[in-house]
Structures are given as C-alpha cells and as structure tokens.
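What follows is one structure encoded as structure tokens, with my remarks underneath.
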Amino acid sequence: FVFSFSVLAHIQACRALMIASILLGFVATVLSLLGLKCTNIGLSDEDAKMKFAVTGGFLFILGGLCSMVAVSWYAAMVTAQFFDPLYAGTKYELGPALYLGWAGSVLCMLGGIFLTCSCKGKKKQDY
C-alpha cells in the first residue's frame with residue numbers, strides 16, 4: 001500500500017467522499033435488510049422495522065449525494081483544466097466513468113427516496 005501526498009487536494013476530497021458514499025451505502029443496505037417485512041432478522045415489531053427502513057433510505061440518499069458531489073466536483077476540475085490555456089499538465093476529458101458515476105448517484109438517491117416514501121406509519125384510531 002503506497003500513499004502519495006503529492007495528489008491534488010480536490011482528488012483527495014473526491015476520494016474521501018466516495019469512501020463515505022460506499023460506507024453509507026453498506027450501512028444503508030444492512031439497515032434496509034433489517035427493515036424488510038419479509039425478514040425475521042432483528043426485531044419483529046412493525047414500527048421498529050419501519051424505522052430501520054426509513055433510516056436506510058435516508059442513508060441511501062446521503063450516500064448518493066456524496067457520490068454526486070464527488071463526481072461533479074471531479075468533472076468540474078477536469079473541465080476547468082481542459083479549457084485553461086496556461087495549464088501545463090496532462091489534460092483529461094470527461095469519460096464513461098463519470099457518466100456512470102452520475103447515473104449511479106441518481107439511482108442511489110431514487111432508491112432511497114422510494115424506500116423512505118414506501119414506509120408508512122400506522123394510523124392510530126381515535127376512540
């Protein structure tokens with residue numbers, strides 16, 4: 001494992017955001033699995049399962065936002081360096097990995113929104 005401190009700050013920040021997105025996605029997946037009605041893992045209480053699922057949905061949304069920020073920030077820096085006539089380094093172009101990153105971020109956020117909206121609390125009847 002070799003770590004280079006000469007990497008630009010925005011690339012380090014994008015790496016950190018992507019790692020945060022991966023960790024949030026993993027925790028969201030575990031919580032969402034615990035919140036499924038068809039599983040007997042964890043609590044069997046409907047309200048507790050709903051809270052697990054809603055928390056998982058919010059974490060999916062947050063993870064999608066982290067990856068969206070990272071991909072968009074990197075794309076903005078690549079574009080700025082590409083059109084800068086004074087930039088002497090290697091000039092990169094936007095490629096398929098960035099488009100897949102944007103699509104994955106949108107799908108992750110949509111999944112989190114759908115998961116969060118699908119959980120309805122029980123309405124207590126007034127007597």
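Bear in mind these aren't lab numbers, they're just calculated from the coordinates by the rules spelled out. Just so you know, these numbers come straight off a predicted model, no measurement behind them. No Cβ is skipped: glycine too gets one built from the backbone with ideal geometry, and neighbour counts run over all protein chains shown.
Taking the highest mean first, how do the peptides 78-91, 106-119, 58-71 order by number of other beta carbon atoms within 10 angstrom per residue? Working shown, then result.
Working: 78-91: 9.6, 106-119: 16.1, 58-71: 21.6.
Going from most to least packed, we get 58-71, 106-119, 78-91.
Using the alpha-carbon atoms, what tilt in degrees (0 to 90, nearest 10) does helix 46-83 show relative to the longest principal axis of the chain?
Rounded to the nearest ten degrees, it is 10.
Explain nothing, just compute: Karplus ³J(HN,Hα) = 6.51 cos²θ - 1.76 cosθ + 1.60, θ = phi - 60°, for every residue of the range 19-32 in order, whole Hz, x for Gly and Pro.
5, 4, 5, 5, 5, 5, x, 5, 5, 5, 5, 5, 5, 5
Where in the range 48-88 does the label zone of LEU98 land, with the point 7 angstrom along Cα→C-beta and an amide N cut-off under 15 Å?
68-84
Each label point is 7 Å from the Cα along the Cα-to-Cβ direction; what then is the distance between the points at MET77 and LEU110, in nm?
Here the modelled spin labels are 2.9 nm apart.
With the cut-off at 1.5 for a/c, could you classify the range 35-113 from its C-alpha gyration tensor as rounded, prolate or oblate? Spell out each step's value before the answer.
Working: a/c = 5.33, a/b = 4.22, b/c = 1.26.
Prolate is the answer for the range 35-113, as a/c is 1.5 or above and a/b outweighs b/c.
Counting only helical runs of four or more DSSP H residues, what would the 222 nm mean residue ellipticity of the chain come to if each run contributes -39,500 (n - 2.57) and the total is spread over all its residues?
Working: 3 runs with 87 residues, N = 127.
Using -39500 (n - 2.57) per qualifying helix, the result is -24500 deg cm²/dmol.
Indicate the gyration tensor shape class of the range 34-81 (rounded, prolate or oblate), computed on the Cα atoms with a ≥ b ≥ c the square roots of the eigenvalues: a/c under 1.5 is rounded; otherwise a/b larger than b/c is prolate and the rest oblate. Provide the component values of the computation, followed by the final result.
On the way: a/c = 7.45, a/b = 4.92, b/c = 1.52.
Judged from the Cα gyration tensor, the range 34-81 comes out prolate (a/c at least 1.5, a/b above b/c).
Farthest toward the dipole's positive end in the chain, which of CYS38, MET77, LEU65, given Cβ charges of +1 (Lys, Arg) and -1 (Asp, Glu) about the Cα centre?
Result: CYS38.
Once you have the Cα-Cα distance between CYS117 and ASP47, take 0.36 nm times their residue separation minus that, and quote the gain in nm to one decimal.
Here the segment from CYS117 to ASP47 would lengthen by 23.7 nm.
As I understand it, the value is the acute angle between the Cα axis of helix 96-118 and the longest principal axis of the Cα atoms of the chain; what does it come to in degrees, rounded to 10?
20 degrees
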